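Working notes, beginning with the structure itself.
The values are calculated or read from the model by the stated rules, or taken from the named source; none is laboratory data. Since the structure is predicted, the reported quantities are computational estimates derived from the model, not experimental observations. Quick reminder, even Gly has a Cβ in these numbers, built from the backbone with ideal geometry, and neighbours come from all protein chains shown. SASA here: full protein model, heavy atoms, side chains in, ligands and nucleic acids out. Shrake-Rupley method; radii C 1.70, N 1.55, O 1.52, S 1.80 Å.
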Number of protein chains: 2
Amino acid sequence: MSQKIINTDDLAFLLYEMLDIERFTQFPRYEDHSRDTFDAAIELALKVGAETFAPHNHLCDADEPRFENGKVVIRKEVSEALAVLRDTGLMAASQDYERGGMQLPSVVAQTCIGLIKGANVSTQAYAGLTIAACNLIMAHGTDEYKRRFAEPMAAGRFFGTMCLTEPHAGSSLGDIKTRAVPQDDGTYRISGNKIFISAGDHELSENIVHLVLAKLPDAPAGVKGISLFIVPKFLVNEDGSLGERNDVTLAGLIHKMGYRGTTSTMLNFGEKDGAVGYLVGEANMGLAQMFHMMNEARIGVGLGSVMLGYTGYLHALDYARDRRQGRPLKERNPETPMIRLVEHADVRRMLLAQKAFVEGGLSLCLYAATLIDEKKHSDDPLVREEAAGLLDLLTPIVKSWPSQFCLEANSLAIQVHGGYGYTREYPVEQFYRDNRLNPIHEGTHGIQGQDLLGRKVSMGGGRFYQSLLKQIRQTISECNRSSELSASSELLEEALGTLEGVTEALQAVKKDDPDRALANAYLYMECFGHVVVGWLWLRQAQTALRGLQNGGERPKAFYEGKIKACEYFVRYELPKPLALANVLRDADRTTLDMSDECF
Amino acid sequence: MSQKIINTDDLAFLLYEMLDIERFTQFPRYEDHSRDTFDAAIELALKVGAETFAPHNHLCDADEPRFENGKVVIRKEVSEALAVLRDTGLMAASQDYERGGMQLPSVVAQTCIGLIKGANVSTQAYAGLTIAACNLIMAHGTDEYKRRFAEPMAAGRFFGTMCLTEPHAGSSLGDIKTRAVPQDDGTYRISGNKIFISAGDHELSENIVHLVLAKLPDAPAGVKGISLFIVPKFLVNEDGSLGERNDVTLAGLIHKMGYRGTTSTMLNFGEKDGAVGYLVGEANMGLAQMFHMMNEARIGVGLGSVMLGYTGYLHALDYARDRRQGRPLKERNPETPMIRLVEHADVRRMLLAQKAFVEGGLSLCLYAATLIDEKKHSDDPLVREEAAGLLDLLTPIVKSWPSQFCLEANSLAIQVHGGYGYTREYPVEQFYRDNRLNPIHEGTHGIQGQDLLGRKVSMGGGRFYQSLLKQIRQTISECNRSSELSASSELLEEALGTLEGVTEALQAVKKDDPDRALANAYLYMECFGHVVVGWLWLRQAQTALRGLQNGGERPKAFYEGKIKACEYFVRYELPKPLALANVLRDADRTTLDMSDECF
């Protein structure tokens, strides 16, 4: 199988050597599993990705969904691929056996989804949204709702959406205007307008289950008055058969820069009598419930961004190994053959940067996925609590770090290709356009920075932040004793000290002046993210060194490459955001003090 | 006239207050000119840009040139706009009066072209390439070639191209294979394949004059064997009338990520008997001659990148002033009205970054344009020599700094727009796609870095580099004495000292090991570019302070904004590339030592 989605050595290295996910087979939930069953699922996903999803990735970019005769027309390859995903069971990879799932650990399920994303992020999105919406109903819905809505979603018969944004309310969700009026039969009538609803309408599934945020008539203002509703495109009868069309209308399609295969819609709820909706859980608890989905969605965004960066990197690497251009600087004879691009130091710099970003990003996302497993299924309540806290703390990083740096990797993949990279005849430009969405949706960089510095770092009196620091210090102290790794670990140690100082200073400012403390929250998040990824790179180097010393499963050059990439990251990338430590430590007021009329 | 191409206060500030271009009216060539004639041309260009070029910018992106029945079909708005450009005389803005031009200083002509670029970079390219090709023939062609080819180009009847790249030879121009065989009549027969030829075929002009790099049969290998030829699409008779079709065939169109309105072609020369070509200047001097055009083209790329960033910034600013979202962090009452985006510190950070990049980039390009005027038309030979040297030194910076940071500005403009920014219903995503070409064409970042560190810094024994440093130190020492500016000038002084140390260290390494010294040349160029732009920002702040103190022509808030943006640049942006000073000073070998199999 020829594929440019993943380096399978890298994936096995991260999962088994570094993160040791075989330990999850000790958890009662996963006791039937083994490394073999994990590998079988991963190999299947890679095969489905490479053979079924990748081939139409460019086609759906060039020939995006159209609105014709009141319907959304999508190329047939999309429904064919989604049918394969459903029939192989991959859509329900992490669901319970009793609900038709494979009951795989999150980290394996995420890996499988990631491979599909790397092959074709737009087609995968229909499935990904469905899985997330299904999980939300499984977590908060009644048994009846699970049976009527979630099970057909897990089976891939119904697809799902999340309907949050309204034309006037994006990040400011507390300001939504969609209304839900209670009816005598216990249902609600929903009316309002939603925008940027991915997969909001199509003919790919028997039904579409919209999860809609709306407000009850007597709801408190702001985020405390948001409730969550199931609003199906077609009503579902008691016996599971489809009833009549609900009052949900496609108002139009939005045309995006990339990610074009995923249709983005404007939906009107209740143009006639109000759309029938079913309240999920308690009234006014919608935001918290949606965050159950949103946090998963944020990790999904990070992983999608990584996989777009990863496939771009593999394409660039392949091109750089093949294409000949120029000669070494010291070669003065123009009649010698041209050398391969990969032999130029500047091209290697761009490849190393991509490697550092995408393999670093992948280690971050997979590490986060192991925290989901520990949080949900460890039998030790302390492990569960610790994992839940670390996951909460790291979610803004997992969402935004890859969105920024794996997008940068996509830009570098174009640059390695030169003029060819800028053409639609080569795939790297599409990866770049697709990836540009990721810093925006599911909470922009600005929102994530505020979440990290404003809430997460100080959550639980700062204990999860301290716990993360302790882990990082532990790795540093182990590596400081290694002659091969100490140069890198010392650079990380210095950066960690800087981050600690900055955090303390900003927490002090926050008490009196939160606006000032958070003014540079995005820049703080860049530093924090680089320290976390630097730590994971050091762990990768440490694991690779062990592999070299103990004759690990992978080639020597692979392990050496990991150590080199760690060196690259801590030397060439880590210093950049940390160069703003003074600005952060002083809670610099430049951006606060700039008045509108001075622009 | 409503336009989002330029802040006219900013333009007047840079041209008259900071760069004092009125001094050029003292040059004999420009003695008929005055600030009034400069302003008239600039106002005309802005009007033509806003009214004639901007309205079809999005149309030509959505409906790009097509290859139909052997011809390139381009929307009619393009030829209409180019006719206006020709008829207003703007195409020949800098040409001699006697050749039908306005004989305007380069800095004014570049400003005019820049305004058209900001309105519609793709349509402008047809004119821009023509002007550059025309200038090249004017500089190196015989009088007959000037009459037969260049004058109809200056008049906008013929358009021009530059045909350098071949499928196997992009950056490595010495490896081109196109051949030129001398004929008894003094002409040549050209045969070979060229790729990425912008405006390579169309029906917009009576004729297309290709400037083609090719090799004579006995030419030396490499760049020393390249000659330059005029190869018209239609032969031109002695009397200027058009003759038969030359043997130049359109082999196909290339489809780009952006810049779609400018058709990009593959051309075959000499599929039948060889295309008729005319040698320009001496044989084997083609590269040097083409660099006459290329250096102008590189400044043009920088300016185009600035103008794309600039229009994106003005769109983002407008949106941020209009769109309401969220509340101040300390506001706990969700029933208060939402505030405007521009009131959020993180949005102001993104707007300040854009302002710093695009106004900084504009000051860089306009400063470079004044050097062209001094170099060509000063009556003091010392001034001419100094200006020529500084321009050579700065050309790689002028080309690449805006290509990188004004592209980043376009990304920030998208981010300010949130989800809307990612849609093709708003213009900022197109600016971003258009601008992504600029780090590639006319020499990639990697090539520019090698040019700067490998040649330009040490050119003339380093005297132009020293001369630039002296100017920067002069500004710093003036500003160090000002209570309003000293904080900024001290930060620049520190960065300048770092750059000097790095430069010395790398020059020492270069003597023995040029490959090692140049391995990180791109990162060196980032530092150099930031110091140069930091200097120009300090000059802007200095000029603004003078304006504030002496009651200058512009509003107080405008001048204050300049001082704030300077502070932002030196505090928030300048430190980032300089954080790699150690890597550079040590001539770090990480990228050199990474072997292919370790990726």
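Roughly how much accessible area, to the nearest 100 Å², goes out of reach of solvent when A and B pair up, both sides summed, probe 1.4 Å?
Numbers: alone 24720 and 24750 Å², together 40920 Å².
In total, chains A and B hide about 8500 Å² from solvent.
Given Cβ point charges of +1 (Lys, Arg) and -1 (Asp, Glu) and nothing else, what value in debye, to the nearest 20, does the dipole of the protein assembly as shown about its Cα centre take?
Details: 128 positive and 158 negative charges, 82 e Å.
Value, rounded to 20: 400 debye.
Considering only protein heavy atoms and a 1.4 Å probe, what is the carbon-and-sulfur percentage of the accessible area of chain A? Present the calculation step by step, with values, prior to reporting the outcome.
Details: 9720 of 20440 Å².
Taking all protein chains in place, chain A shows 48 percent carbon and sulfur surface.
Averaged over A:580-588, how many beta carbons belonging to a partner chain fall within 10 Å of each residue's beta carbon?
Values: counts 6, 2, 3, 4, 0, 0, 1, 0, 4.
Per residue, the number of nearby Cβ atoms from other chains is 2 on average.
Please report, in debye to the nearest 20, how large the charge dipole of chain A is about its Cα centre when each Lys and Arg carries +1 at its beta carbon and each Asp and Glu carries -1 there.
Details: 64 positive and 79 negative charges, 233 e Å.
The dipole of chain A has a size of about 1120 debye.
Sticking with the crude label model, points 7 Å out along Cα→Cβ, report the distance from B:Asp512 to A:Phe291 in nm, one decimal please.
6.0
Report, in debye and to the nearest 20, how large the dipole of the stretch A:346-443 comes out about its Cα centre when Lys and Arg carry +1 and Asp and Glu carry -1 on their Cβ. Walk me through the numbers before you get to the answer.
On the way: 10 positive and 14 negative charges, 95 e Å.
That gives the stretch A:346-443 a dipole magnitude of about 460 debye.
Using only alpha carbon positions, build the gyration tensor of the stretch B:8-154, then give the equivalent ellipsoid semi-axes as the square roots of 5 times its eigenvalues, largest first, whole angstrom. Kindly include the intermediate steps, with their values, before the conclusion.
Numbers: eigenvalues 158, 94, 22 Å².
Semi-axes, largest first: 28, 22, 11 Å.
How far is B:Pro514 from itself in the other copies, in nm, if each label sits 7 Å out from Cα along the Cα-Cβ line, shortest first?
Result for B:Pro514, in nm, nearest copy first: 6.0.
Could you tell me which helices of chain A pass both thresholds, a Cα extent of 27 Å or more along their own axis and a mean Kyte-Doolittle hydropathy of at least 1.6, with helices taken as whole DSSP H runs?
Numbers: long enough: A:121-140 (28 Å, 1.01); A:286-322 (53 Å, 0.24); A:345-377 (47 Å, 0.21); A:381-417 (51 Å, 0.42); A:486-512 (40 Å, -0.09); A:521-549 (42 Å, 0.40).
In chain A, no H run is both long and hydrophobic enough.
Considering only the label points, 7 Å along Cα→Cβ from Cα, what distances in nm to one decimal separate A:Gln549 from the same position in each other copy, shortest first?
6.4
On a C-alpha basis, how far is the centre of the stretch A:430-459 from the centre of the stretch A:477-531 in Å? Whole number, if you could?
Cα centres, the stretch A:430-459 to the stretch A:477-531: 19 Å.
Please quote Rg/Rh for the stretch B:417-541 to two decimal places, taking the Kirkwood radius as Rh and restricting both calculations to Cα atoms. Walk me through the numbers before you get to the answer.
Working: Rg = 18.4 Å, Rh = 16.8 Å.
When Rh is taken as the Kirkwood radius, the ratio is 1.09.
Can you list residues from other chains, or at least 5 along the same chain, whose modelled amide H is less than 5 Å from the amide H of B:Gly252?
Placed amide hydrogens put B:Met266 under 5 Å from B:Gly252.
Net charge near B:Phe464: determine it from the other residues with C-beta under 9 Å of the C-beta of B:Phe464, scoring Lys and Arg +1 and Asp and Glu -1. Spell out each step's value before the answer.
Working: positive: B:Lys456, B:Arg463; negative: B:Glu386, B:Asp392.
Net of charged neighbours comes to 0.
With a point put 7 Å past each Cα toward its Cβ, work out how far A:Tyr16 is from A:Ile339 in nm, to one decimal.
3.7
Can you list the distances in nanometres, one decimal and ascending, from the A:Ser2 label point to the identical position in each other copy, with the point 7 Å along Cα to Cβ?
So the label point of A:Ser2 gives 5.4 nm to the other copies.
Determine the sum of side-chain charges near B:Asp247: Lys and Arg each +1, Asp and Glu each -1, restricted to other residues whose C-beta is under 9 angstrom from that of B:Asp247. Working shown, then result.
On the way: positive: B:Arg189, B:Arg245, B:Lys272; negative: B:Glu271, B:Asp273.
Local net charge: +1.
When all alpha-carbon pairs of chain B are counted, what percent fall beyond 34 Å? Let's see the in-between values first.
Working: 76175 of 179101 pairs.
Value for chain B: 43 percent of Cα pairs lie more than 34 Å apart.
Accessible area drop of at least 10 Å² (1.4 Å probe, protein heavy atoms): which residues of the stretch A:215-256 qualify, relative to the chain alone?
Residues of the stretch A:215-256 that lose at least 10 Å² of accessible area once the other chains are added: A:Ala221, A:Gly222, A:Ile254, A:His255, A:Lys256.
Would you mind putting A:106-115, B:486-495, B:111-120 in packing order, based on average other-beta-carbon counts within 10 Å, highest first?
Numbers: A:106-115: 26.4, B:486-495: 19.6, B:111-120: 28.2.
By packing density, highest mean first, the sequence is B:111-120, A:106-115, B:486-495.
Roughly what % of Cα-Cα distances in the protein assembly as shown sit above 55 Å, to the whole percent? Don't skip to the end; give the middle numbers.
Values: 134638 of 717003 pairs.
The share of Cα pairs beyond 55 Å in the protein assembly as shown comes to 19 percent.
With unit charges on the beta carbons (Lys and Arg positive, Asp and Glu negative) and the dipole taken about the Cα centre of chain B, which residue among B:Gly243, B:Leu580, B:Gly389 sits farthest to the positive side?
B:Leu580
Picking from A:Ala41, A:Val84, A:Thr142, whose Cα lies most toward the positive end of the charge dipole for the stretch A:8-154 (charges on Cβ: Lys, Arg +1; Asp, Glu -1)?
Result: A:Thr142.
Could you calculate, for the stretch A:331-425, the ratio of the Cα radius of gyration to the Kirkwood radius, expressed as Rg to Rh?
Numbers: Rg = 20.4 Å, Rh = 16.3 Å.
Across the stretch A:331-425, the Cα-based Rg/Rh ratio is 1.26.
Please list A:294-303, A:90-99 highest first by mean number of surrounding beta-carbon atoms within 10 Å per residue. Provide the component values of the computation, followed by the final result.
Details: A:294-303: 24.2, A:90-99: 19.8.
Ranking, from highest mean packing down: A:294-303, A:90-99.
Residues of the stretch B:284-328 losing 40 Å² or more of accessible surface, assembly versus chain alone, probe 1.4 Å, please list them.
Those are B:Arg321, B:Gln325, which lose 40 Å² or more relative to the chain on its own.
Relative to the isolated chain, which residues of the stretch A:495-523 have their accessible area cut by 40 Å² or more in the presence of all protein chains (1.4 Å probe, heavy atoms, no ligands or nucleic acids)?
A:Asp515, A:Tyr522
Report the residues of the stretch A:366-399 in range of a label on A:Asp96: point 7 Å along Cα→C-beta, backbone N strictly under 15 Å from it.
Within reach of a label on A:Asp96, which here means backbone N under 15 Å from a point 7 Å along Cα→Cβ, the stretch A:366-399 contributes A:377.
Could you list, bin by bin from short to long, the percent of Cα-Cα pairs of the stretch A:158-283 in 5 Å steps?
The calculated distribution, bin by bin, is 2, 12, 21, 25, 19, 12, 6, 2, 0, 0.
Considering every residue in A:340-346, what mean count of other chain Cβ atoms within 10 Å of its Cβ is obtained?
6
Binned at 10 Å from 0, what are the whole-percent values of the Cα-Cα distance distribution for the stretch A:278-406, short to long?
With a bin width of 10 Å, the distribution comes to 12, 27, 23, 16, 11, 7, 3, 1.
Residues with beta-carbon under 11 Å from that of B:Arg157, excluding B:Arg157: net charge, scoring Lys, Arg +1 and Asp, Glu -1? Mind dumping the intermediate values first?
Numbers: positive: B:Arg86; negative: B:Glu151, B:Glu206.
So the surrounding residues net to -1.
For the protein assembly as shown, with every protein chain kept in place, what is the accessible area per residue (1.4 Å probe, Å²)?
Working: 40920 Å² over 1198 residues.
With all protein chains present, the protein assembly as shown gives 34 Å² per residue.
Counting helices only, and only those DSSP H runs with n ≥ 4, report the 222 nm mean residue ellipticity of the protein assembly as shown as the sum of -39,500 (n - 2.57) divided by its residues, in deg cm²/dmol to the nearest 500.
Details: 40 runs with 604 residues, N = 1198.
The helix contribution divided over the protein assembly as shown gives -16500 deg cm²/dmol.
Whose Cβ in chain A comes nearest the axis that rotates A onto B, and by how many Å?
A:Ala579, 2
For chain B, build the charge dipole from Cβ charges (+1 Lys, Arg; -1 Asp, Glu) around the Cα centre, then report which of B:Asn284, B:Ala132, B:Gln430 sits farthest towards its positive end.
Farthest towards the positive pole: B:Gln430.
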